[in-house]
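The values are calculated or read from the model by the stated rules, or taken from the named source; none is laboratory data. Here the structure is a predicted model, which means the values were calculated and not measured. Every residue, glycine as well, gets a Cβ built from its backbone with ideal geometry; the counts of neighbours run over all protein chains shown.
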Amino acid sequence: MGIIVTSVDYILNNARANSLWPLTFATSCCGIEMMHTVASDNDIARFGSEVFRGSPRQADLLICAGTITHKMAPVLLRLYEQMAEPKYVIAMGACTCGGGMFQETSYSVVKGIDKIIPVDIYLPMCPPKPEALLDAIKKLQNRVKKESILTRKEFMDSHNSFLHETCGILTEINGG
């Protein structure tokens, strides 16, 4: 039984890792760097991620680039929930990872995207270069190739209770 599951994991994970379909959530300067990653001189197509999806139902990788405010948080959470399983998240930029330069001076900025959704790869530069995003995609591909169906489920289960709690808090903040 273990041999069959391992073989299925290997085949599915290689297919998944080489065809990560990103959904764009770009709000500031990091978004410009993400767009530059798609340009011909960086060639993101070699990773199978050249077409950024317009619908969360067609994507399995969320690249969140830029400042996230409390007003945007419910929309980001809704997009994440609509994505296909298994879903992965790259937090791109200092503002996304921890609030950045707005961390102490702005009440409206979320101090880390991990307060809203689970994050697989953090890229905390200001703003990250396209090469750093390509490296993050390579690291995510390696992680996807090594994961088992069971370990991904454990990762998601560990965050589910936190996400449900966050949904309640976000609903209260927005008056819902």
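For the range 11-22, the condition holds for at least one residue, the condition being that it is among the aliphatic types (A, V, I, L, M) and part of a loop (DSSP other than H, G, I, E, B). Looking only at residues in the range 81-103 that are aliphatic (A, V, I, L, M) and part of a strand (DSSP E or B), the one that is surrounded by the most Cβ atoms within 10 Å (Cβ to Cβ) is M92. Take the conditions (1) touching a strand residue (DSSP E or B) at 6+ places or on another chain (Cβ under 7 Å); (2) surrounded by 18 or more Cβ atoms within 10 Å (Cβ to Cβ); (3) within 24 Å of K138 (Cβ to Cβ); P118 misses just one of them, which is (2). Under 11 Å from the mean Cα position of the chain (by Cα), within 27 Å of A17 (Cβ to Cβ) and aliphatic (A, V, I, L, M): does that describe L123? Spelling it out, L123 is indeed under 11 Å from the mean Cα position of the chain (by Cα), within 27 Å of A17 (Cβ to Cβ) and aliphatic (A, V, I, L, M). Give just the number: which of (1) outside any helix (DSSP H, G or I); (2) modelled with pLDDT of 85 or more; (3) surrounded by fewer than 18 Cβ atoms within 10 Å (Cβ to Cβ) does G176 not satisfy? Here G176 clears every test but (2).
Contact map, the range 104-115: first residue assigned to a loop (DSSP other than H, G, I, E, B), second residue exposed (fewer than 13 other Cβ atoms within 10 Å of the Cβ) and modelled with pLDDT under 85, Cβ cut-off under 9 Å, separation 6 or more or different chains; the map is empty. Kindly indicate whether I4 is more than 16 Å from the chain's Cα centre (by Cα), surrounded by fewer than 12 Cβ atoms within 10 Å (Cβ to Cβ) and modelled with pLDDT of 80 or more. The answer is no for I4. Only a single criterion out of (1) assigned to a loop (DSSP other than H, G, I, E, B); (2) surrounded by fewer than 16 Cβ atoms within 10 Å (Cβ to Cβ); (3) of a type in the set (D, E, K, R) is not satisfied by R78, namely (1).
Note on the range 121-146: residues that are part of a loop (DSSP other than H, G, I, E, B) and buried (at least 17 other Cβ atoms within 10 Å of the Cβ) total 2.
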